[in-house]
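K.L.:
The structure's right below; bear with me while I get my questions together.
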Amino acid sequence: MAPTYDHPGERTAADPIRLLAIRDTPLSLDEVFRAVGDDAAGGTALFVGTVRNHDGGADVDALGYSSHPSAEAELRRVAEKVVAEFPVRALAAVHRVGDLVVGDLAVVVAVSCPHRAEAFAACRKLIDDLKHEVPIWKHQRFSDGTEEWVGAC
């Protein structure tokens, strides 16, 4: 279990959660990276999830993501847990919904912290908890004509 940090002086007075969104438009690495910029951060970790051309040995042609209306509120809850557990200076997370093709960005998350180890750990917790707790579902379409729904939570 990661350590819990309680150093109010190390955080900005503003909300460190700078960008949270569930979108049906293409995602931008630059937007997410800019959102977590902070002069007091010595480490920034960024994770990018892309649509791959296979899953479980089957060729994937395309997929679609859909979300429950509560998804953004759940995303905020996950982000708040990360901010409470790590010395986060800034945090951003965006997830795509709608139809995507191989190579499209599906999710981008980033966290900046005073040090790299904290940034890596916080970013990992953010993406792992997002995938397990935020109600977003993936509908994969395979080359052989079959399809599969995969629940994120």
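K.L.:
From the list ALA90, ALA73, pick out the single residue that is of a type in the set (Gly, Ala, Ser) and in contact with a Ser or Thr (Cβ under 7 Å, 6 or more places away or on another chain).
P.N.:
Numbers: ALA73 fails: in contact with a Ser or Thr (Cβ under 7 Å, 6 or more places away or on another chain).
That would be ALA90, the only listed residue that is of a type in the set (Gly, Ala, Ser) and in contact with a Ser or Thr (Cβ under 7 Å, 6 or more places away or on another chain).
K.L.:
Residue check: is VAL36 in contact with a Phe, Trp or Tyr (Cβ under 9 Å, 6 or more places away or on another chain) and either over 30 Å from THR146 (Cβ atoms) or not hydroxyl-bearing (Ser, Thr, Tyr) (or both)?
P.N.:
On the way: in contact with a Phe, Trp or Tyr (Cβ under 9 Å, 6 or more places away or on another chain): no; either over 30 Å from THR146 (Cβ atoms) or not hydroxyl-bearing (Ser, Thr, Tyr) (or both): yes.
Answer is no for this residue.
K.L.:
Looking at segment 43-71, which of its residues are touching a helix residue (DSSP H, G or I) at 6+ places or on another chain (Cβ under 7 Å) and of a type in the set (Gly, Ala, Ser)?
P.N.:
Filtering segment 43-71 for residues touching a helix residue (DSSP H, G or I) at 6+ places or on another chain (Cβ under 7 Å) gives 43-48.
Matches in segment 43-71: GLY43, ALA45.
K.L.:
Just give me the residues in segment 109-120 being over 14 Å from the mean Cα position of the chain (by Cα) and either in a loop (DSSP other than H, G, I, E, B) or under 19 Å from VAL51 (Cβ atoms) (or both), in sequence order. Before you say what the answer is, go through the steps one by one.
P.N.:
Within segment 109-120, the subset over 14 Å from the mean Cα position of the chain (by Cα) is 113-118.
Listed by number, the residues that qualify are PRO114, HIS115.
K.L.:
Tell me whether segment 109-125 contains one or more residues that are of a type outside the set (Asp, Glu), open to solvent by less than 40 Å² (accessible area, probe 1.4 Å) and within 13 Å of ILE22 (Cβ to Cβ).
P.N.:
yes
K.L.:
Additional query: Take VAL134 and decide whether it is within 30 Å of GLY42 (Cβ to Cβ) and of a type in the set (A, V, I, L, M).
P.N.:
On the way: within 30 Å of GLY42 (Cβ to Cβ): yes; of a type in the set (A, V, I, L, M): yes.
Spelling it out, VAL134 is indeed within 30 Å of GLY42 (Cβ to Cβ) and of a type in the set (A, V, I, L, M).
K.L.:
Next question, about the same structure. Name the residue that is surrounded by the most Cβ atoms within 10 Å (Cβ to Cβ), counting only residues in segment 60-92 that are within 14 Å of the chain's Cα centre (by Cα) and among the charged types (D, E, K, R).
P.N.:
GLU74
K.L.:
Here's something else I'd like to know. In segment 130-140, which residues are open to solvent by 70 Å² or more (accessible area, probe 1.4 Å) and over 15 Å from VAL109 (Cα atoms)? Let's see the steps before the verdict.
P.N.:
So the first thing to find is which residues in segment 130-140 are open to solvent by 70 Å² or more (accessible area, probe 1.4 Å), and the list is 131-132, 137.
Passing the criteria: only TRP137.
K.L.:
State yes or no: is LEU130 under 23 Å from PHE33 (Cβ atoms), outside any helix (DSSP H, G or I) and at pLDDT 95 or above? Before you say what the answer is, go through the steps one by one.
P.N.:
Numbers: under 23 Å from PHE33 (Cβ atoms): yes; outside any helix (DSSP H, G or I): no; at pLDDT 95 or above: yes.
Judged against the criteria, LEU130 is not a match.
Residue by residue, here is whether (1) farther than 27 Å from PHE142 by Cβ; (2) part of a strand (DSSP E or B); (3) at pLDDT below 95 holds:
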position	(1), (2), (3)
ALA45	yes, yes, no
GLU74	yes, no, no
VAL78	yes, no, no
LEU91	yes, yes, no
ASP99	no, yes, no
VAL107	no, yes, no
ALA122	yes, no, no
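K.L.:
Listed residues THR50, THR44; which is of a type in the set (S, T, N, Q), buried (at least 16 other Cβ atoms within 10 Å of the Cβ) and either in contact with a Gly (Cβ under 9 Å, 6 or more places away or on another chain) or within 24 Å of ILE17 (Cα to Cα) (or both)?
P.N.:
Numbers: THR50 fails: buried (at least 16 other Cβ atoms within 10 Å of the Cβ).
Exactly one residue qualifies, and that residue is THR44.
K.L.:
Let me ask something additional. Contact list please: Cβ distance under 9 Å, first residue in segment 42-68 and free of Cβ contacts under 8 Å to residues at least 60 places away in the same chain and of a type in the set (Lys, Arg), second residue loosely packed, with under 15 Cβ neighbours inside 10 Å and assigned to a loop (DSSP other than H, G, I, E, B), pairs at least six apart or on different chains.
P.N.:
ARG52/VAL102; ARG52/GLY103
K.L.:
Scan segment 23-42 and tell me whether some residue there is modelled with pLDDT of 95 or more, of a type in the set (Phe, Trp, Tyr), outside any loop (DSSP other than H, G, I, E, B) and at negative phi. Explain how you work it out, then say what you get.
P.N.:
In the first step, residues of segment 23-42 are kept if they are modelled with pLDDT of 95 or more; the result is 23-42.
Among the residues that remain, those that are also of a type in the set (Phe, Trp, Tyr) are: 33.
Then keep just the ones that are outside any loop (DSSP other than H, G, I, E, B); that gives 33.
Retained after the next criterion (residues that are at negative phi): 33.
For segment 23-42, residues modelled with pLDDT of 95 or more, of a type in the set (Phe, Trp, Tyr), outside any loop (DSSP other than H, G, I, E, B) and at negative phi: present.
The values are calculated or read from the model by the stated rules, or taken from the named source; none is laboratory data. Source: prediction; values computed, not measured. Note: ideal-geometry Cβ built from the backbone for every residue, glycine included; neighbour counts use all protein chains shown. In case anyone asks, the SASA skips ligands and DNA or RNA and just uses the protein heavy atoms, side chains included. Shrake-Rupley method; radii C 1.70, N 1.55, O 1.52, S 1.80 Å.
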